[in-house]
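The values are calculated or read from the model by the stated rules, or taken from the named source; none is laboratory data. None of these values were measured; they are calculated from a predicted model. Here Cβ is always computed from backbone atoms with ideal geometry, including for glycine, and neighbour counts include all displayed protein chains. Remember, those area values only see protein heavy atoms, side chains included, never the ligands or the DNA or RNA. Shrake-Rupley method; radii C 1.70, N 1.55, O 1.52, S 1.80 Å.
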Amino acid sequence: IPEKAPLIAQHIEYNTIMCLSPEQQSLLEHPVSSKIFLHGPAGTGKTTAGVKWLKKLLNSGIPAHNIMVFVPQRSLAKPYQDSMRNDLFQAHSLINTTTLGGLARRMIDLFWPMISRDTGVASPNQPPHFLTLETAQYYMAHIVRPLMDDEGFLGNLTINRNRIYSQILDNLNKAALVGFSHQDIGDRLKAAWIGDIAQFNIYDDVQACANRFRIFCLEHNLLDFSLQVEIFLRLLWPSPLCRNHLTQSYRHLIVDNIEEDTPVSHDILSEWLPDFDSALVIFDEEAGYRYFLGADVQSAFSLKRKCHTVIKFTQNQVNAPGIIQIKSGIRHAIAQLEGNPQEEKPELNLLQSGLVIPQEINKYFPDMVKWVAEQIKILVDEDVPPGEIVILAPFMPDVLRFAISNQLGEFGIPHVSHRPSRALRDEPATQAMLTLVSAAFPAWKMLPKRINMAFALMQVIDGLDLVRAQLLTAYVYKENAEDFPLQPFDSAPIDVRDRVTYRVGARYDQLQIWLKAAQISDSNTLDFFLSRLFGEVLSQSGFGFHNDLNSGNTISNLIESIQKFRWVVGDQVPKEMYSIGKEYIQMVQDGVIAAQYVRTGDGDSTNAVFLSPAYTFLISNHPVDIQFWLDVGSPSWYQRLEQPLTHPYVLSRHWQQGNTWDAEKEVFAAQESLHRLAIGLLNRCRKKVYLGMSELDVRGYDNRGLLVRIFQHILQRAQQVQND
């Protein structure tokens, strides 16, 4: 009722404040014209307070389209977007949630006619092509592969080529996000190196590849992420026209997880903050998990000088006393490792209330997995919701994921997993679809092996196992055919048809007839072809993807990936030279594209045990009751990934020129990384942490890393205090 709307809004605001902590209430008591820097550990309710601050702005009459929510990655804006959807009052417009990359792209797209001649592109009268991660790797591969094959670039590196391409792109991104010239990448890396002199040649090659990629992009109007950021900073951010547009469009600012953003983002916000009517900047202490992507905690914290009010939240709303005791023990243990011993008196009973370890340490890795599954079954039997349990590891390789899934499946426990680093091409649904595509276009001369076709048919035909799939393909699939390789079911001997069953044969014939009839001369619209194949055949009853939402999501991502590839690459590839569809398949097989893809819906609103890499769970910013830490003896909990072509610390803004990266700095970085990771996970745990340990890791090596030694120190110290 319109005349009662103000009373209802007051009632909602009153009830909202009554449900908040005193610290959150004190924040909301500030006027909407305030500029506030809010900091504190994770678990103190900062993001919740930020969402309530957004509602306070809306309830005060501020239009939603005048509010900007600025985050380091899109997923972190989800609480604010959800609050808009769930609110009683539907806003007449939507808030704008953005990242630095999103802001740069939108402004370049909007003001391109004004700046195109100053960008350095060869065709300023033509629109730019914005590259995704995949298409950037595709073009990088076309530039670097000939240099490696014909000119001996990058020496004898044994890492996968897709990692080479991604690390060169990462260097370009670091240069743009930190704020130095991309032509200085090689010199910075060489200046910090103290190892084999041969590495200098590799860094020179890295610089040459980065330079050639940038030249190629400018020649073809291609804007990768680094070039988008550089153009925005150099030509648009200083422009009064662009600044006036942004200032007039957005009058109120909410910045969350600012510690996970980059120095360039902080520079922009530092200049922009005085122009806003209000601002809330939220900083998470003991964080900075995205340092390998350029996150800068120091420059983030400096933004407090641009705010009128500084508020610190200290009241933890997540941790039980036992978890708080574990955090204290880890802080003291790492301080002692760094040569800063502190007096502590941990309580053993309190510690044991939050920490669960096996009574006997398992010797082998599979025994640890079995122990974890058994403990989860006990918890579920005690009515702990599966959705309040998360299984974490530094990485989630296929062997670990498969072992845990099998064990949980035997107990009938629902579970989901999220692995953003898992290649889209590694998904079984993707492999099946691309195998069928390769068979459907024999002109590409990329017919799959017979065993791959058997696996594909097993995936897409309901009720077909691998043994019968191999038997079927032995007679109906012509691996060396010049034309369409799939033959009708009745071409198999009658005894084979009896063993495969006629029900499966009917489904196979339906697929075979569709593929043969759907062949098109123009294979450049591969995304259309796959969309029809999935919709008209494979998602229907009797086929493997019927009612399979996970496979449907994977195939949707694959189709979108192909579509974006076609949009960007299609204009650059003359159709008479080669097929875009064939080019995409080749790049996938080489591991160049479809290496990473943002998945949606993984574990959201699902009451299931969640399997995830530790850093992925941290960035999701979602607390749970129970955490299982797997393989705590592994050094992967704190050691950096091997990156021979880049270095996140050397390419940071705070690296002192003239310094070298030695073993001492590596050890300190490892301890700092472990401190951030362990405390961050504990800040998102309500009740208990279970430690999965084994004497030998999955490869059979001794498992005595730093993290397990820290827990042993904490327990021994607590036992000593109790005895005293």
Take segment 642-669 and flag every residue that is surrounded by 11 or more Cβ atoms within 10 Å (Cβ to Cβ) and among the aliphatic types (A, V, I, L, M). Leu645, Val650, Leu651, Val667, Ala669
Take segment 18-46 and flag every residue that is open to solvent by less than 30 Å² (accessible area, probe 1.4 Å) and among the β-branched types (Val, Ile, Thr). Ile36, Thr44
All positions within segment 194-226 that are over 18 Å from Lys174 (Cα atoms) and within 26 Å of the chain's Cα centre (by Cα): Leu222
Looking only at segment 672-689, count how many residues are touching a helix residue (DSSP H, G or I) at 6+ places or on another chain (Cβ under 6 Å) and open to solvent by 10 Å² or more (accessible area, probe 1.4 Å). 2
Which one of Arg188, Arg161 is among the charged types (D, E, K, R), surrounded by 20 or more Cβ atoms within 10 Å (Cβ to Cβ), touching a residue at least 60 places away in the same chain (Cβ under 8 Å) and more than 26 Å from Leu236 (Cβ to Cβ)? Arg188
The condition of being farther than 25 Å from Asp724 by Cβ, open to solvent by 20 Å² or more (accessible area, probe 1.4 Å) and modelled with pLDDT under 90 holds, among Glu347, Glu360, only for Glu360
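Only one of Leu253, Leu246 is closer than 18 Å to Ile108 by Cα, of a type in the set (A, V, I, L, M) and either open to solvent by 10 Å² or more (accessible area, probe 1.4 Å) or touching a residue at least 24 places away in the same chain (Cβ under 8 Å) (or both); which?
After ruling out the rest, the residue left standing is Leu246.
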Just a yes or no: is a residue in segment 624-631 touching a helix residue (DSSP H, G or I) at 6+ places or on another chain (Cβ under 9 Å), at pLDDT below 90 and not polar (S, T, N, Q)? yes
Take the residues in segment 502-512 that are open to solvent by 50 Å² or more (accessible area, probe 1.4 Å) and not basic (Lys, Arg); name whichever of them is farthest from Pro442 (Cα to Cα). Tyr502
Identify the single condition in (1) out of contact with any His (no Cβ under 8 Å at 6 or more places or on another chain); (2) open to solvent by 50 Å² or more (accessible area, probe 1.4 Å); (3) of a type outside the set (A, V, I, L, M, F, W, C) that His182 does not satisfy, given that it satisfies every other one. (2)
Taking only segment 208-226 into account, find how many residues are open to solvent by less than 10 Å² (accessible area, probe 1.4 Å) and either under 15 Å from Pro124 (Cα atoms) or in a loop (DSSP other than H, G, I, E, B) (or both). 5
With respect to Lys478, determine if the residue is open to solvent by 50 Å² or more (accessible area, probe 1.4 Å), basic (Lys, Arg) and touching a Pro at 6+ places or on another chain (Cβ under 6 Å). yes
Selection count, segment 263-277, where residues are open to solvent by 10 Å² or more (accessible area, probe 1.4 Å) and either closer than 27 Å to His622 by Cα or part of a helix (DSSP H, G or I) (or both): 5
Inspect segment 166-176 for any residue being touching a Ser or Thr at 6+ places or on another chain (Cβ under 7 Å), within 29 Å of His142 (Cβ to Cβ), assigned to a helix (DSSP H, G or I) and acidic (Asp, Glu) and give the result as yes or no. yes
In segment 398-416, the residues that are more than 13 Å from Phe628 (Cβ to Cβ) and either in contact (Cβ under 8 Å) with a residue 12 or more places away in the chain or open to solvent by 60 Å² or more (accessible area, probe 1.4 Å) (or both): Asp398, Val399, Arg401, Phe402, Ala403, Ser405, Asn406, Glu410, Phe411, Gly412, Pro414, Val416
Show the residue pairs that are 6+ apart or on different chains and have beta-carbon atoms under 9 Å apart, the first residue being within segment 290-314 and closer than 24 Å to Pro613 by Cβ and open to solvent by less than 70 Å² (accessible area, probe 1.4 Å), the second being assigned to a strand (DSSP E or B) and of a type outside the set (Val, Ile, Thr). Val297/Phe283; Ala300/Phe283
Criterion violated by Leu464 - all others in (1) under 40 Å from the mean Cα position of the chain (by Cα); (2) surrounded by fewer than 13 Cβ atoms within 10 Å (Cβ to Cβ); (3) not in a helix (DSSP H, G or I) satisfied: (2)
Could you give me the residue pairs with C-beta distances under 7 Å whose first residue belongs to segment 96-117 and is closer than 12 Å to Leu246 by Cα and surrounded by 20 or more Cβ atoms within 10 Å (Cβ to Cβ), whose second residue is at pLDDT 95 or above and not hydrophobic (A, V, I, L, M, F, W, C) wherever it lies, and which are 6+ apart or on separate chains? Ala104/Gln228
Residues to consider are Ile202, Ile254, Ile215; find the one that is among the β-branched types (Val, Ile, Thr) and within 30 Å of Thr660 (Cα to Cα). Ile202
Exactly one condition in (1) on the phi < 0 side of the Ramachandran plot; (2) at pLDDT below 90 is false for Met140; which is it? (2)
List the pairs whose first member sits in segment 21-40 and is more than 15 Å from Asn59 (Cβ to Cβ) and without any contact (Cβ under 8 Å) to a residue 24 or more places away in the chain, whose second member is open to solvent by 10 Å² or more (accessible area, probe 1.4 Å) and of a type outside the set (S, T, N, Q), and whose Cβ atoms are under 9 Å apart, counting only residues at least 6 apart or on separate chains? Gln25/Ile17; Gln25/Met18
Taking segment 172-209 on its own, how many of its residues are touching a helix residue (DSSP H, G or I) at 6+ places or on another chain (Cβ under 8 Å), among the small types (Gly, Ala, Ser) and farther than 26 Å from Asp261 by Cα? 1
